[in-house]
Amino acid sequence: MSQNQFNAEIIIVDDNQFQLKLLSHQLEMVGYESVMAFDNGQAALCYMTGRVLDSTVVILDLNMPNMDGLEFLQALKETNYSGALLLVSGEDERVVQSAETLALSYNLFVLGHLSKPAQQHQLQKYLNEFSAPKEALPDTGNQKVYTADRLRQAIKAGELTNVYQPKVLVSTGELKGIEALVRWEHPEDGEVLPDRFIHLAEENGLIDEIARQVLREAFYDSKLLKDLGMDITLAVNISMYNLNTREFISYLEKELQSSGLSPQDLILEITESRLMKDYLLVLDMLTRLRLRRVSLSIDDFGTGHSSMAQLRDIPFNELKIDGSFVHSACDNATLHGIFDGSLQTAKNLGIRTVAEGVEDEADWNFLENSDCDTAQGFFIGRPMKAMELVAWREQWTQRCAKIAV
Ligand code: C2E
Ligand code: MG
Ligand code: MG
């Protein structure tokens with residue numbers, strides 16, 4: 001047990017006196033001396049006002065009369081509570097999960113949730129994970145907002161570059177393909193991730209130029225890897241905004257032809273956008289690309305509002321199940337259910353499946369017991385420079401052999 005835990009103050013908020021006593025006793029048993037118990041939210045908030053709470057863990061019951069757990073969470077948000085939080089409830093697992101999602105969206109540091117009565121080993125497990133909360137909070141320091149002009153300048157100056165993440169076969173671990181992901185190498189701010197500038201590019205007419213640069217570099221790198229003996233597919237993310245003009249597709253076809261790659265090597269990963277000017281044009285161009293043997297993949301499946309409608313209309317031949325339904329699906333019945341449903345939908349339509357967000361060995365084992373074709377995620381390999389893939393493949397083959405034992 002770390003020094004930190006003994007220093008932590010625990011605040012229990014639960015309207016049930018028996019639960020308060022039980023939890024206090026359990027905490028004493030695992031070595032916590034500083035435990036405050038409150039049978040209502042207001043009293044707890046009163047106690048917390050004006051205190052430094054960085055080393056505090058609040059153990060919160062959701063179902064309470066007067067101020068319920070959700071109102072208490074809202075109050076924690078409003079007071080910028082800086083400690084940690086553990087939810088305890090006798091409610092249905094999905095209700096507790098939703099409360100946890102809410103707490104996370106309030107930027108609260110949530111250790112997890114427990115069902116009543118809380119098991120001592122579970123309580124200990126979560127508290128063991130508790131270290132200085134500030135380290136665990138997402139880094140909001142580098143959330144600088146960029147202007148379209150600065151992005152335009154970056155594109156011109158060649159500050160945008162590609163990294164590649166491996167996609168492997170679940171059955172054998174064999175490298176099947178790579179996905180190109182754009183990075184902005186900002187001279188002052190370091191690596192800037194695409195979520196911070198793709199929307200800006202889409203809204204300011206810069207997305208075509210980004211896509212052209214990404215494609216050009218990706219074709220070049222893929223050809224190098226091919227010449228090194230890697231027989232792999234290349235996936236590139238394409239915004240729906242890129243499909244608003246016919247010129248973009250002509251450009252793509254021309255570059256592909258001169259790259260020495262074949263259309264069968266290319267997969268375009270499409271994510272839905274909020275705005276699609278001309279759906280029929282998009283449909284026309286994507287269908288044409290399929291006729292020319294380029295593959296189409298529906299990215300982040302399950303997260304959008306019209307994924308099913310897109311699946312109905314566009315001739316996708318690959319479906320990427322979003323990482324939020326893959327990571328931890330092995331011990332979460334809701335995720336498991338959604339994952340199985342997505343997989344079954346793809347199988348029914350006769351299209352390949354990729355699981356994104358494979359973050360740990362449990363996720364990998366889960367996939368091995370599923371019918372999913374391909375996997376991608378930090379557990380397998382992080383996005384990297386093209387030439388780093390050679391050494392990565394060696395290491396992954398060795399790791400795969402060990403996992404299989
Ligand atoms: P995406 O296409 O779904 O790409 C997967 C994202 O998940 C990547 O984030 C990748 O680094 C991340 N990722 C991979 N494995 C894991 C994992 O195990 N756990 C977690 N939590 N994340 C993982 P990245 O590179 O920040 O890209 C974010 C999104 O930006 C992409 O999502 C894609 O929609 C978009 N994007 C990236 N490159 C381009 C591009 O060249 N053009 C366009 N239009 N969009 C791009
Ligand atoms: Mg993608
Ligand atoms: Mg995705």
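Rounded to the nearest 10 square angstrom, SER55 shows an accessible area of 50 square angstrom against a 1.4 Å probe.
Size descriptor for the chain, Kirkwood hydrodynamic radius: 24.0 Å (Cα pairs only, one decimal). Sparse packing (at most 16 other Cβ atoms within 10 Å of the Cβ) combined with a DSSP loop state is found for the following GluC sites (Glu not before Pro) in segment 345-405: GLU359.
Express the accessible area of the chain per residue in Å², computed with a 1.4 Å probe while the remaining protein chains stay in the model. It would help to have the intermediate numbers written out before the result.
Working: 19850 Å² over 405 residues.
For the chain, the solvent-accessible area averages 49 Å² per residue.
A DSSP coil position with no more than 14 other Cβ atoms inside 10 Å describes the following trypsin sites (Lys or Arg not before Pro) in segment 144-216: LYS144. For PHE316, no residue 5 or more places off, or on another chain, has a built amide H under 5 Å of its own.
At q = 0.10, 0.15, 0.16, 0.18 Å⁻¹, what is the base-10 log of I(q)/I(0) for segment 232-340 according to the Debye formula with one equal point scatterer per Cα and no solvent? Please give it to two decimals. Normalising to I(0) and taking log10 leaves -0.32, -0.67, -0.75, -0.90.
Per residue, the convex hull around the alpha carbon atoms of segment 267-405 comes to 129 Å³.
Given a 1.4 Å probe and every protein chain left where it sits, what share in percent of the accessible area of the chain is carbon and sulfur? Display every interim value, and only then the final one.
Values: 10070 of 19850 Å².
It is 51 percent, rounded to a whole number.
Taking the DSSP bridge list for the chain and keeping only pairs wholly inside it, about 25 percent are antiparallel. When the alpha-carbon atoms of segment 3-136 are used, the pair Rg, Dmax equals 13.2, 37 angstrom.
Backbone phi angles across segment 359-366, fed through the Karplus curve with coefficients 6.51, -1.76 and 1.60 (θ = phi - 60°), yield HN-Hα couplings of 9, 8, 5, 4, 4, 4, 4, 4 Hz in residue order; Gly and Pro are listed as x. Which loop trypsin sites (Lys or Arg not before Pro) in segment 9-114, with loop taken from DSSP, have no more than 11 other Cβ atoms within 10 angstrom of their Cβ? Taking segment 9-114 and a limit of 11 other Cβ atoms within 10 Å, the loop trypsin sites (Lys or Arg not before Pro) found are ARG51. Approximating the spin labels as points 7 Å out from Cα along Cα→Cβ, the GLN344-to-THR49 distance works out to 5.3 nm.
Its Kirkwood hydrodynamic radius, worked out from the mean inverse distance over all distinct Cα pairs, puts segment 330-405 at 13.7 Å. For segment 148-404, relative contact order (Cα pairs under 8 Å, six or more residues apart, normalised by length) works out to 19 percent.
Measuring with a 1.4 angstrom probe and ignoring ligands and nucleic acids, VAL145 comes out at about 130 Å² accessible. Candidate cross-link partners of LYS402 among the lysines, defined by an alpha-carbon separation under 24 Å and a same-chain spacing of 8 or more, comprise LYS167, LYS176. Under 16 Å from a label point set 7 Å out along the Cα-to-Cβ vector of LEU281, the amide N atoms of segment 202-227 belong to 202-209. Across the protein chains, with a 1.4 Å probe defining accessible surface, the residues CYS330, CYS372 rank CYS330, CYS372 from largest area downward.
Could you grab the relative contact order for segment 350-405? Cα pairs under 8 Å, six or more apart, rounded to a whole percent.
Working: 37 pairs, mean separation 18.5, N = 56.
That works out to 33 percent.
Kirkwood Rh, Cα Rg: Rg to Rh for segment 175-280? Could the numbers behind the result be given before it?
Details: Rg = 14.5 Å, Rh = 14.8 Å.
Ratio of gyration radius to Kirkwood radius: 0.98.
Solvent exposure of THR334, expressed as accessible area, is near 40 Å², computed with a probe of 1.4 Å over the protein chains only. Helix content alone sets the calculated 222 nm mean residue ellipticity of the chain: runs of n ≥ 4 DSSP H residues at -39500 (n - 2.57) each, divided across all residues, give -13000 deg cm²/dmol.
Extension gain for the segment GLN122 to CYS400, taken as residue separation times 0.36 nm less the Cα-Cα distance, is 97.0 nm to one decimal. Proximity of backbone amide H atoms, modeled 1.01 Å from N, is registered between SER82 and LEU53 at under 5 Å, excluding neighbours fewer than 5 places apart on the same chain. The Cα center of segment 28-84 and the Cα center of segment 193-267 differ in position by 50 Å.
The values are calculated or read from the model by the stated rules, or taken from the named source; none is laboratory data. Just so it is clear, the model here is predicted, and its values are computed rather than measured. Cβ atoms come from the backbone with ideal geometry, glycine included; neighbour counts cover every protein chain shown. These area figures cover heavy atoms from the full protein model, side chains too; ligands, DNA and RNA do not enter into them. Shrake-Rupley method; radii C 1.70, N 1.55, O 1.52, S 1.80 Å.
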